[in-house]
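**Q** Could you have a look at this structure, given as structure tokens, before my questions?
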Amino acid sequence: MSPDLLSVIVRAGACVALLQAAGVVLFLWLFDAGLGSSSAGVRRLGVNSALAALPLLAAQVLLDAARMTGDFAGMLDGAMLRLALASGSGVARAVQLTGLALVASGLRRGRPPRAALAGVAAVIIAFLLSGHTAVHGLRWLLAPLLALHVAIVAFWFGALAPLFMVIAREPARVASEVLQRYSRLAGILVPLIPAAGLSMAFVLLPDLSALRRPYGLLLGLKLLGFAMLMVLAVLNRWRWVPALAAGVVPARAALRRSLTGEYLLIVAVLATTAALTTFYSPTP
């Protein structure tokens, strides 16, 4: 396995854990007051996700050094490691590590305090410190679009596992109330994900022919994944959540299956994003 391929795998895993931890904080901030027996489990999920992301982010720094030399021996090269740490990616990961530490310590104390929310802010800001948007001439436009994009993805993705717990552990009345509130909020926020993403693509891609190159093709694959996600989200909001509120017995199982499908689809989209940002550029 090459350093590049391993870097994609580690980056995808780190992104999943990172967004899960941040999303749990946002979920508890918005919905914890209405939870019962599921609250402690959701909090543990956030702490464990933050702790899982820490070594993955550290491994990315080592792999950046390996990618610079084209060989895993670069992980032991002091000069390459210093260069990796000083790069935009290295700075971004340092900010993310700090944010995750705040998230983990904040969640251990109970209802998300300001420290945990500050950690989420640090995680989101870190995405703005590296990559194509960080060096583009229109960074003033791209940075807020990317921040909006990442924040909503964290909210959406990070809420899926907690919602699964809520459905499994809470009475139908509590679960349906949380799901209804989540669905209303997601209905407003989630359409902003492709809006922000397509706006960034419009700025980053030099012309329409770029859509036929690997970067554009992977971007199209992400959009296809989003379309599939929207089908599941609409099905949940208009069929299974009302069915749960009405006491329809199969609704719990159907919602758990649908949330699992959403989770796996978003993981696939995040893995595609990891490959996109590792191997390809929007410009030739």
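**Q** How many percent of the alpha carbon pairs in the chain exceed a separation of 22 Å?
**A** Above the 22 Å cut-off, the chain has 59 percent of its Cα pairs.
**Q** With every protein chain kept in the model, how would you rank ILE152, ILE124 by accessible area, 1.4 Å probe, largest at the top?
**A** Greatest to least solvent exposure: ILE124, ILE152.
**Q** If you don't mind, another one. Taking only C-alpha pairs under 8 Å that are 6+ residues apart, what is the relative contact order of the chain in percent?
**A** Relative contact order for the chain comes out at 22 percent.
**Q** Determine the order of LEU192, LEU205 by accessible area, beginning with the largest, at a probe radius of 1.4 Å.
**A** LEU192, LEU205
**Q** Something else: Just to confirm the number: angle between the C-alpha axis of helix 3-31 and the first principal axis of the chain, 0 to 90 degrees, nearest 10?
**A** The helix 3-31 is inclined about 40 degrees to the chain.
**Q** Keeping all protein chains in place and using 1.4 angstrom, which order do ASP32, ASP207 fall into by accessible surface area, from largest down?
**A** Values: ASP32 20, ASP207 75 Å².
Reading off the accessible areas and sorting them downward yields ASP207, ASP32.
**Q** In addition: What accessible area, in Å² to the nearest ten, does a 1.4 Å probe give for LEU5?
**A** Counting only protein heavy atoms, the figure is 80 Å².
**Q** Now for a different question. How high is the FRET efficiency between LEU5 and MET228 when r is their beta carbon distance and R₀ equals 25 Å, given to the nearest 0.05? Mind showing how you got there, number by number?
**A** On the way: r = 26 Å, r/R0 = 1.03.
Efficiency, rounded to the nearest 0.05: 0.45.
**Q** To continue, here is another question. Can you pull the percent of the chain's accessible area that's carbon plus sulfur, 1.4 Å probe, other chains left in place? All intermediate terms of the calculation are to be shown ahead of the outcome.
**A** On the way: 9030 of 12880 Å².
Carbon plus sulfur share of accessible area: 70 percent.
**Q** Just the number please: accessible area per residue for the range 147-200, 1.4 Å probe, all protein chains included, in Å².
**A** Counting only protein heavy atoms, the per-residue value for the range 147-200 is 36 Å².
**Q** For the chain, what does the helix formula give at 222 nm: sum of -39500 (n - 2.57) over DSSP H segments with n ≥ 4, over the residue count, nearest 500 deg cm²/dmol?
**A** -27000 deg cm²/dmol
**Q** What do you get for the angle between helix 88-108 and the principal long axis of the chain? Use alpha-carbon atoms, 0 to 90 degrees, nearest ten.
**A** In the chain, helix 88-108 runs at an angle near 30 degrees to the longest axis.
**Q** Here's another thing I want to ask about it. For the chain, take the longest principal axis of its alpha carbons; what is the angle in degrees between that and the long axis of helix 39-69, to the nearest 10 within 0 to 90?
**A** 10
**Q** At a threshold of 8 angstrom on Cα-Cα distance, excluding pairs fewer than six apart, so keeping six or more, what relative contact order does the range 1-75 reach in percent?
**A** Relative contact order of the range 1-75: 44 percent.
The values are calculated or read from the model by the stated rules, or taken from the named source; none is laboratory data. Please read all numbers here as calculations on a predicted model, not as lab measurements. Cβ: placed from backbone, ideal geometry, glycine included. Neighbour counts: every protein chain shown. With ligands, DNA and RNA removed, areas are computed over all heavy atoms of the protein, side chains included. Shrake-Rupley method; radii C 1.70, N 1.55, O 1.52, S 1.80 Å.
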